[in-house]
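**Q** Just dropping this structure here.
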Amino acid sequence: QLQAEAFDPSPANIGKRSQLSQIGAVKLALLPKQTRGDTVNVALNLHWGDEKSLMGKKAISSLTSSLLATGTSKYSRAQLSDEMAKLKMSGNLFHFQTTKANLSEALKLVAHVLKEANFPESEFKQAKERILVNLEASRNEPAAVAGRALSQHFNTWPVGDFRASSSLDDTIAHYKAVQLSDVQAFHRAFYGVSQAEF
């Protein structure tokens with residue numbers, strides 16, 4: 001069993017040890033170091049669209065992302081969960097831990113899910129209902145009320161802008177309006193090759 005090295009986490013040492021490169025539109029940063037059990041931590045940040053193409057699509061984007069791992073052309077939700085367990089993956093598709101031996105297959109699985117998610121209707125309905133229930137439950141929670149008030153007070157973006165803050169009632173209305181076809185169309189339009197950091 002490999003032990004973790006004594007690692008100096010100073011910015012200077014991280015900068016010195018990091019290996020930076022680019023593959024297509026993906027910026028790659030690797031920080032090799034000896035870890036306990038040969039573990040590997042992966043972070044993938046995808047960027048797509050702009051303020052025009054994403055206008056009015058915040059709820060659709062959120063639902064699309066939350067539904068990615070609920071099924072693909074090849075796996076059901078349970079099968080995907082089993083595959084991730086076999087590959088010793090913990091976390092989610094964008095931020096996970098695995099082992100060096102499983103890294104290649106784990107990345108192939110993530111790529112498959114991002115490309116081949118099929119958004120089962122039953123999963124869509126459950127996810128949408130769960131979000132709406134949670135939003136309603138937050139209506140009188142002091143922390144949630146305060147957070148929304150601050151976000152709205154400092155909001156500088158127009159209504160519908162992806163970065164804009166909206167009232168609870170407007171947020172609920174946006175989620176209620178999302179149809180499965182909206183999620184499928186968003187996935188087709190935005191989940192291709194995009195700017196990313198890995």
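**Q** How many of the residues in region 165-188 are hydrophobic (A, V, I, L, M, F, W, C) and open to solvent by 50 Å² or more (accessible area, probe 1.4 Å)?
**A** Residues flagged as hydrophobic (A, V, I, L, M, F, W, C) and open to solvent by 50 Å² or more (accessible area, probe 1.4 Å) within region 165-188 amount to 2.
**Q** Yes or no: F7 assigned to a strand (DSSP E or B) and either open to solvent by less than 50 Å² (accessible area, probe 1.4 Å) or more than 26 Å from Y175 (Cα to Cα) (or both)?
**A** Criteria not met by F7.
**Q** Quick one: how many residues across region 111-164 are farther than 27 Å from F190 by Cα, in a loop (DSSP other than H, G, I, E, B) and either touching a residue at least 60 places away in the same chain (Cβ under 8 Å) or open to solvent by 70 Å² or more (accessible area, probe 1.4 Å) (or both)?
**A** 4
**Q** Moving on to the next point. (1) touching a residue at least 24 places away in the same chain (Cβ under 8 Å); (2) open to solvent by 60 Å² or more (accessible area, probe 1.4 Å); (3) farther than 23 Å from H47 by Cα: which one isn't true of M84, the others all being true?
**A** (2)
**Q** Might you let me know whether region 186-193 holds any residue that is in a loop (DSSP other than H, G, I, E, B) and in contact with a His (Cβ under 7 Å, 6 or more places away or on another chain)?
**A** No, region 186-193 contains no residue that is in a loop (DSSP other than H, G, I, E, B) and in contact with a His (Cβ under 7 Å, 6 or more places away or on another chain).
**Q** What are the residues in region 26-52 that are touching a residue at least 40 places away in the same chain (Cβ under 8 Å) and assigned to a loop (DSSP other than H, G, I, E, B), if any?
**A** Within region 26-52, L44, W48, G49, E51 qualify.
**Q** Just to be sure before I move on: is L93 in contact (Cβ under 8 Å) with a residue 12 or more places away in the chain, of a type in the set (A, V, I, L, M, F, W, C) and assigned to a helix (DSSP H, G or I) in the structure I sent?
**A** So L93 does not fit the description; no.
**Q** Find the residue count for region 15-46, including only residues that are in contact with a helix residue (DSSP H, G or I) (Cβ under 6 Å, 6 or more places away or on another chain) and exposed (fewer than 10 other Cβ atoms within 10 Å of the Cβ).
**A** So the answer is 0.
**Q** Within region 96-103, is there a residue that is part of a strand (DSSP E or B), open to solvent by 40 Å² or more (accessible area, probe 1.4 Å) and in contact (Cβ under 8 Å) with a residue 40 or more places away in the chain?
**A** yes
**Q** If you don't mind, another one. When both residues are 6+ apart or on different chains and their Cβ atoms are under 8 Å apart, which pairs have a first residue that lies in region 168-194 and is within 21 Å of Q152 (Cα to Cα), and a second that is open to solvent by less than 50 Å² (accessible area, probe 1.4 Å) and in a loop (DSSP other than H, G, I, E, B)?
**A** Close Cβ pairs satisfying both conditions: L168/S138; H174/S166.
The values are calculated or read from the model by the stated rules, or taken from the named source; none is laboratory data. Being a predicted model, the structure only gives us computed values, none of them experimental. Neighbour counts run over all protein chains shown; Cβ positions are idealised from the backbone, glycine included. Just the protein is used for accessible areas: all its heavy atoms, side chains included, with ligands, DNA and RNA removed. Shrake-Rupley method; radii C 1.70, N 1.55, O 1.52, S 1.80 Å.
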